[in-house]
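Heads up: the structure comes next, in structure tokens.
None of the figures in this text is laboratory data; all of them are computed from the coordinates on show. Model, not experiment: these values are computed from the prediction. When we count neighbours, we look across all protein chains shown, and the Cβ atoms used for this are built from the backbone with ideal geometry, even at glycine.
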Amino acid sequence: MSKPYYADLGDWDEDKRIEAIGNAATPGKIIAFVTDAEPGKADRYIAKLKERFPGIAVVERFDGPIEDTVTVKVRRSEA
């Protein structure tokens, strides 16, 4: 099993972040991203990921790991 990989994409523009997350979500991998809890922000990311990367699905979504953030786990199907 490989070690988890972490990348701080905070300085990138949103579309570049979406591209990096989607490209990392290869079949068989679960990718987690954390964003601030701004209303609608995680939903916007999810919608953009699904639009640009067919087969992306949300595995889990939860508050944290720190206050005022949301974590979303996604994966891409084999197809």
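Taking the stated definitions as given, is V34 within 10 Å of V74 (Cα to Cα) and of a type in the set (V, I, T)?
On the way: within 10 Å of V74 (Cα to Cα): no; of a type in the set (V, I, T): yes.
No.
Search the stretch 1-27 for residues being in contact with a strand residue (DSSP E or B) (Cβ under 7 Å, 6 or more places away or on another chain) and in a helix (DSSP H, G or I), and hand back the single one that is surrounded by the fewest Cβ atoms within 10 Å (Cβ to Cβ).
Our first condition is that a residue be in contact with a strand residue (DSSP E or B) (Cβ under 7 Å, 6 or more places away or on another chain); within the stretch 1-27, this holds for 21-22, 24-27.
When the remaining residues are screened for being in a helix (DSSP H, G or I), the result is 21-22, 24.
On the way: I21: 22, G22: 19, A24: 14.
Selected residue: A24.
Being of a type in the set (A, V, I, L, M), surrounded by fewer than 13 Cβ atoms within 10 Å (Cβ to Cβ), at negative phi and not in a strand (DSSP E or B) narrows it down to one residue among A42, A47; which is it? Steps first, answer last, please.
Details: A42 fails: surrounded by fewer than 13 Cβ atoms within 10 Å (Cβ to Cβ).
After ruling out the rest, the residue left standing is A47.
Taking the residues in the stretch 50-79 that are among the basic types (K, R) and farther than 17 Å from T35 by Cβ as candidates, determine which candidate is farthest from the chain's Cα centre (by Cα). Quick ask: steps written out before the conclusion?
From the stretch 50-79, those among the basic types (K, R) are 50, 52, 61, 73, 75-76; that's our starting set.
Add one more test, that the residue is farther than 17 Å from T35 by Cβ, and what stays is 75-76.
Values: R75: 9, R76: 11 Å.
Residue satisfying both the conditions and the ranking: R76.
Could you tell me which residue of the stretch 61-73 is nearest to T26 (Cα to Cα), considering only residues that are touching a residue at least 24 places away in the same chain (Cβ under 8 Å) and surrounded by 11 or more Cβ atoms within 10 Å (Cβ to Cβ)? Give the steps one after another, and end with the answer.
Initial filter on the stretch 61-73 (touching a residue at least 24 places away in the same chain (Cβ under 8 Å)): 63, 65, 68-73.
With the extra rule that they be surrounded by 11 or more Cβ atoms within 10 Å (Cβ to Cβ), the set shrinks to 63, 69-73.
On the way: D63: 24, T69: 24, V70: 22, T71: 19, V72: 16, K73: 13 Å.
Only one residue fits best here, namely K73.
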